[in-house]
Amino acid sequence: KTESFCASFSVDISNLRPNTTYTLRYNLYESARLWVEERKPKGSILLRVRIEVEDERQLLLSSIMAPAPTFYFNTQRKRDYKVVTQTCVGNLDMEQFGLDAIYG
């Protein structure tokens, strides 16, 4: 039995207005790297997003008080760890510092 990574994507909701429905279409790529010359879409995903906010002030305050989440993954097998990490974080570690992260 082999596990294979299907896809991962993220949506920047910082420019979305509360209580508004958006229909968004995104292309899916093999890599998060934007500078790959032959970067071609491998498919697309269609999302309907609505952010319902009862108290905008509380939402604003919660975003400046809470630190960014830290993810920890524990698995017994290395291949399970790779699948979980790719699914939750992505294939490219954007937090890693070094030339490999830049030029890959």
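All of the numbers you see were taken from the coordinates with simple rules; none came from a lab. Quantities reported herein were computed from a predicted structural model and do not represent experimental measurements. Don't worry about glycine lacking a Cβ; one is built from the backbone with ideal geometry, like all the others, and counts go over all protein chains shown.
Tabulated values for the structure
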{"quantity": "For LEU28, distant residues with modelled amide H under 5 Å away", "calculated": "LYS42, GLY43, SER44, ILE45"}
{"quantity": "Spacing of the two label points (7 Å from each Cα toward its C-beta) at GLU38 and CYS88, in nm", "calculated": "3.4 nm"}
